[in-house]
Structures are given as structure tokens and as C-alpha cells.
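Working notes for the structure below.
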Amino acid sequence: MNKKQWDILVLSGNLEDVEIISSYISDESLGSCIDKNSQSYYFEFGKKDFIENILNQHINKFDINFNWEVKQQEDWHLNWKDNFQPIEIDNDLIIVPDWDQNTYHNKHMIKIRPGMAFGTGHHETTFLMLKHLIKNIKADDSVLDLGSGSGILSIASHIYNASKITSIEYDEDCRNNFLENLEINEIENQDINFIIGDVLSLKEFNYDIILANINKNIIKELIPNLKNTNAKILLSGLLDQDQSEIESLLKLHNMNLIYKDQYNEWILMVVQND
């Protein structure tokens, strides 16, 4: 594999359809960039045929087009310079790129360096997670961030005074971006326990809040493991079409759906055991 370049899939067309197709391939990607009229996914060089096979199983159902590009590793940040717009959550929190030197008047700010990890606040699921993390977190809560990616949810937990934060990420390639984002936000490494590992292998869920912004299939496997925790659980990475399936699984394991929220086709569920 050539580690100096990536295959880039550019999806364009109906934005709702693009989001649905993206859900089939996003877990295989290293990261993504969102433009006004398209969404680009970065893949390890050599994965093109595998991804096209997935696309061809679904694409005829949707009004979208795709094409491939190849980009050198050092060009990554250039994709974001013209496209990264600040994201505000309930006028309380603002997400800006690390090069932004503007003055903002929100109570809290997170700076993110776009890298090969999911989580800039632009995707609906990250926005939903931030919105409802802010709504539910209390000072001194302990937080478990499953599939932490860029670290944006862990950083937000720290900003909102969590007493203990554990961040689990499967992809080793996310490590540098995660640690960079801690440094940019003046957070010491020891303040957040970052672990490379499989969320499905975890046995300890003694936290106040558990965040899981991950793939539906992982959530389905994870739910039985969460049935004994007292935590408030925020689940996202789910499409509206997944809702009944996940609700049935929660009911099967006697877990309570407290409420849900939706942003375009994506949903978030807040769950807690009795």
C-alpha cells in the first residue's frame, strides 16, 4: 500500500441520497470533507474496487453520481481551508478550525484540526451528539466516549467539567489527530484516557454518560453489553430507517428510550436502564 496518497470518492447529487449512501461506506473511510454540493471520502490506496462493489449494490436506488480522485497526503488540510465554516450549538458552543483567529462570543469554543479522523461537528450525527451531550452532562460526570475519532466529544466533555473521560477508538490512524486536538485546546493528555481498542471488548461501563456515535451494526452488538449500566447512553450514527430496529432491540433488553432527536435523515437516541 502507498501510504503517501489516498483514493478519494466524491459523491454528488441529491444531498439526502448522498447521506444515505455515505452510511454504507463511512466506516471504511479514513475521513471525509463536506462541500456545499458534494461529500468526499478518503480511503487507503487500493480500496477503490472494494468500495465500488458496495456502491454498485445500492447506487441505482438513489439520485447521485460518484467519481474518484487521487490526492497526496500533504494536501489534506488544503481541502478544508475554504470550506470549514464555524458550527454553533445552541449559542453555547462553537466549533472552529485550528487556524481561525477570529473572536467569538460563545461561552465555549473547541478548535479542531481536520485530520484523518471523523468529527469536526459538520456531520449531523456529531452535531446531534454535541447538542445532547451539552443538554445532559453535569459537572463532575464521568464520560465514556466510544469511537472517539477526532476527540471532539471528549474535548466537549472536558470543557463541560467532566471529572473522568475515557475515549476508545479502534483506528490507530486517529491517534495523532486526537492528541493534536487535545493540545490545540490546551488539554493535558492525562486529563483524557485515550485507548486504541475495540468497543465490543469492553467490560466496564461504570460511567454517568456513555457516548456512541458509531455504525449501526456496532451499536446492535453493543446494546446487550450496556444493559446493566446506570449511565445515560447517547446513541447516534443511525439513520431514520434504523429507528424501529434499534427500538425493538432496546425493548428486548429492557432498556428505556428516554427521547430521540433527528437532523435530516440521522437520528440520536438517549437511553437509560431502569
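The values are calculated or read from the model by the stated rules, or taken from the named source; none is laboratory data. Please read all numbers here as calculations on a predicted model, not as lab measurements. As a convention, Cβ positions derive from the backbone with ideal geometry for all residues, glycine included, and neighbour counts pool all protein chains shown. Side chains are part of the model used for accessible areas, which takes the heavy atoms of the whole protein and leaves out ligands, DNA and RNA. Shrake-Rupley method; radii C 1.70, N 1.55, O 1.52, S 1.80 Å.
Annotations
- Of all the numbered requirements in (1) open to solvent by 30 Å² or more (accessible area, probe 1.4 Å); (2) modelled with pLDDT under 85, residue 84 misses one, and that requirement is (1).
- Selection from the range 180-200 of residues that are β-branched (Val, Ile, Thr) and open to solvent by 20 Å² or more (accessible area, probe 1.4 Å): 184, 195, 196
- Some residue of the range 246-255 being closer than 26 Å to residue 113 by Cβ and not charged (D, E, K, R): no
- Subset of the range 122-149 that is of a type in the set (Gly, Ala, Ser) and in a loop (DSSP other than H, G, I, E, B) - its residue that is most open to solvent (accessible area, probe 1.4 Å): 139
- Criterion (of a type in the set (D, E, K, R) and closer than 23 Å to residue 160 by Cβ) met by exactly one of 265, 221, 186, 245: 186
- Residue 65 falls short on exactly one of the conditions (1) touching a Gly at 6+ places or on another chain (Cβ under 8 Å); (2) at pLDDT 85 or above; (3) in a loop (DSSP other than H, G, I, E, B), and that condition is (3).
- Test: residue 94 is open to solvent by less than 40 Å² (accessible area, probe 1.4 Å) and hydrophobic (A, V, I, L, M, F, W, C): yes
- Matching option when the condition is in contact (Cβ under 8 Å) with a residue 60 or more places away in the chain and among the small types (Gly, Ala, Ser), among 236, 244, 248: 236
- In the range 198-233, the residues that are in contact (Cβ under 8 Å) with a residue 24 or more places away in the chain, in contact with a helix residue (DSSP H, G or I) (Cβ under 9 Å, 6 or more places away or on another chain) and among the basic types (Lys, Arg): 216, 220, 232
Yes/no matrix, rows are residues, columns are (1) at pLDDT 95 or above; (2) over 29 Å from residue 43 (Cα atoms):
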| position | (1), (2) |
| --- | --- |
| 116 | no, no |
| 124 | no, no |
| 130 | yes, no |
| 134 | yes, yes |
| 138 | yes, yes |
| 156 | yes, no |
| 165 | yes, yes |
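- Total residues in the range 201-253 satisfying the condition of being of a type in the set (Asp, Glu) and open to solvent by less than 40 Å² (accessible area, probe 1.4 Å): the figure is 1.
- Within this structure, residue 258 fails the test of being open to solvent by less than 20 Å² (accessible area, probe 1.4 Å) and either part of a loop (DSSP other than H, G, I, E, B) or free of Cβ contacts under 8 Å to residues at least 40 places away in the same chain (or both).
- Selection from the range 150-171 of residues that are open to solvent by 40 Å² or more (accessible area, probe 1.4 Å) and in a loop (DSSP other than H, G, I, E, B): 161, 163, 170, 171
- Reported count of residues in the range 1-58, each being open to solvent by 30 Å² or more (accessible area, probe 1.4 Å), assigned to a strand (DSSP E or B) and modelled with pLDDT of 80 or more, is 2.
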